[in-house]
Amino acid sequence: MIKRLTRITCRQAHVLLSERMDRPLSPLGRYRLYLHLKACDLCSRVDRQFDLMRRAMRRLGE
Amino acid sequence: MDADLSQSLAELRPALLKIARLQLRNDTWAEDVVSETLIAALEGAGKFAGQSQLKTWVVGILKHKIIDHFRRAAREVSADAQVEAAEVETFDELYLPGGHRIDPPLDWGDPEDALSRTQFFEILQLCVDRLPVNLGRVFMMREWLEFETAQICKELAITSTNCFVMLFRARMRLRECLESNWFGKVQSG
């Protein structure tokens with residue numbers, strides 16, 4: 001039951017990773033993402049990739 | 001000194017134009033804001049104390065000029081932005097029914113390595129340029145001009161949901177593009 005509430009797919013994790021860059025997630029969203037990232041190395045990669053993209057974009061043109 | 005400065009500024013012009021086009025997606029507007037930027041830089045040369053790179057300082061002015069431009073004239077993009085946000089295109093082709101990725105994302109390695117390479121930034125610009133017009137605008141506003149999403153929604157008159165969806169799509173497309181044109185290539189030699 002709890003698992004069903006907290007479990008998300010990689011796709012949903014990517015949506016939350018993106019959303020997290022634009023506004024604070026809800027507590028449930030945060031918890032779901034936390035559990036997912038703990039178990040999923042590939043989505044943790046995407047997390048780091050988004051972070052790199054942001055750092056690079058801020059330096060664009062400089 | 002002024003001759004040197006106007007020479008250095010003239011040399012920056014192509015790079016400034018490129019980036020202004022990425023944000024505005026309109027050549028005339030880009031020419032206008034870059035001209036305004038160069039004039040402001042010349043007039044304000046006294047304020048450039050040389051503690052930062054000239055280019056960094058001028059890009060800062062460019063950002064302000066672009067923001068001014070939005071204040072004056074960018075209302076017309078709003079209708080397009082709404083249409084684009086409403087398009088049904090959810091990247092489902094990238095995922096299996098269980099929501100897992102079909103092509104697992106690559107390991108991009110040391111971020112500092114990419115960030116230290118000029119060619120990486122060229123590929124980045126190319127990838128931003130390939131984003132659909134309105135996704136590109138919204139993405140540049142968020143990540144380059146560093147607007148809050150609430151400001152973007154207001155400027156473009158789009159709903160916040162549309163804004164988050166557009167930013168998600170832009171990031172996923174950019175991620176794919178960087179992976180196929182930079183990280184995939186670097187990794188495989």
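Bear in mind that the values in this text are calculations on the coordinates, not laboratory data. Keep in mind that what you see is a predicted model, and the values were worked out from it rather than measured. Cβ placement follows ideal geometry from the backbone for every residue including glycine, while neighbour counts extend to all protein chains displayed.
In the condition set (1) buried (at least 19 other Cβ atoms within 10 Å of the Cβ); (2) under 11 Å from the mean Cα position of the chain (by Cα); (3) within 20 Å of B:Ser180 (Cα to Cα), A:Met53 is compliant with all but (2). Screening A:Leu25 with (1) more than 9 Å from chain B (Cβ to nearest Cβ); (2) in contact with a strand residue (DSSP E or B) (Cβ under 8 Å, 6 or more places away or on another chain) gives one miss only, at (2). Scan region A:28-39 for residues that are within 12 Å of chain B (Cβ to nearest Cβ) and surrounded by fewer than 16 Cβ atoms within 10 Å (Cβ to Cβ) and the total you get is 0. Selection of region B:6-61 for residues being of a type outside the set (A, V, I, L, M), closer than 26 Å to B:Ile152 by Cα and away from chain A (no Cβ under 13 Å) yields B:Arg25, B:Asn26, B:Asp27, B:Thr28, B:Trp29, B:Glu31, B:Asp32, B:Ser35, B:Glu36.
What is the number of the single condition among (1) within 30 Å of B:Lys63 (Cβ to Cβ); (2) at the interface with another protein chain (Cβ under 7 Å from one of its Cβ atoms); (3) assigned to a helix (DSSP H, G or I) that A:Leu42 does not meet? Going through (1) within 30 Å of B:Lys63 (Cβ to Cβ); (2) at the interface with another protein chain (Cβ under 7 Å from one of its Cβ atoms); (3) assigned to a helix (DSSP H, G or I) one by one, A:Leu42 breaks only (1).
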